[in-house]
Amino acid sequence: MIFNYWTFRQNQLPLHEILISNKEKMKKIVLLLSLLLVFSCNSSNNKSYTEKQVDELKAAIENAEASDVVETKLFLDFQFGMTENEVKKHVGQLEKDGKFGLDYRNKYAYSFTTKSGIKCKIYAAPSYYEGKLYQMTYIVESVLGESTNFDMKETFAESERASGFKNFTKKNVFDENEYYFVKDNLIITFKKGYGDSRMIYENAPISKLAKEESKRQKSEKSQKSASEF
């Protein structure tokens, strides 16, 4: 094979073009590494922020559980500590005042409009501990379904009632945002339900007792079932 020097020369890039090409490649590599570094730092910061939020919420809930019962007023003027009979009387009063009405399912509902104009129906579901109201779950139904969750949170956050509350956001097991507002003994949670959204007013000190009692009862039932083997 005869080596053709001129053909070889023609197929080679000039030296200055080779240098320029290498410089461009280096610039791209540096840019890529810089982007990766920025992304890594942002991910780290986001993770730290999320972890911080979880820790702060946990501390706020523990403080609320240890708090005296200062906050007692709930949405629609229900009160912590009401008996079941008092709750029924209050529902009757709300009906007389035109705030509560029977829907097509013969259930009492409150008509509510969010700050963005979404019309909702709100149903009250009380929970009692030793005969006294300690938690009220407000089930919110609208054309947006469970997505009303965020709109309800925003409506509350911009109301006068939100004054003095600390607010937190936490991801649930489905990677969905849940919103918490904490003040003294009161915890208000906004979360998605099953085709609806939930606004929960909770008296933290009593709620803690109720959860401990429920856990104890479940343990006893489990032990009793296990003894049948």
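Throughout, read-outs are computed from the coordinates displayed, never taken from laboratory work. For clarity, every value in this text was computed on a predicted model and none was experimentally measured. With ideal geometry, Cβ positions are generated from the backbone for all residues, glycine too; neighbour counts draw on all protein chains shown.
What's the total number of residues in the range 116-146 that are among the charged types (D, E, K, R) and more than 21 Å from residue 98 (Cα to Cα)? Step through it out loud before you land on a result.
Of all residues in the range 116-146, those among the charged types (D, E, K, R) come to 119, 121, 130, 132, 141, 146.
Checking which are more than 21 Å from residue 98 (Cα to Cα) leaves us with 130, 132, 146.
Residues in the range 116-146 being among the charged types (D, E, K, R) and more than 21 Å from residue 98 (Cα to Cα): 3 in total.
Kindly list the number of the only condition in (1) without any contact (Cβ under 8 Å) to a residue 60 or more places away in the chain; (2) closer than 20 Å to residue 187 by Cα that fails for residue 114.
Going through the list (1) without any contact (Cβ under 8 Å) to a residue 60 or more places away in the chain; (2) closer than 20 Å to residue 187 by Cα, residue 114 breaks only (2).
Out of the residues in the range 100-121 meeting the condition of being touching a strand residue (DSSP E or B) at 6+ places or on another chain (Cβ under 8 Å) and outside any strand (DSSP E or B), tell me which one is surrounded by the most Cβ atoms within 10 Å (Cβ to Cβ).
So the residue we want is 114.
Return the only residue of 167, 185 being out of contact with any Leu (no Cβ under 9 Å at 6 or more places or on another chain) and closer than 17 Å to residue 129 by Cα. If you could, list the steps in order and put the result at the bottom.
Numbers: 167 fails: closer than 17 Å to residue 129 by Cα.
Step by step, each of 167, 185 is checked, and only 185 is out of contact with any Leu (no Cβ under 9 Å at 6 or more places or on another chain) and closer than 17 Å to residue 129 by Cα.
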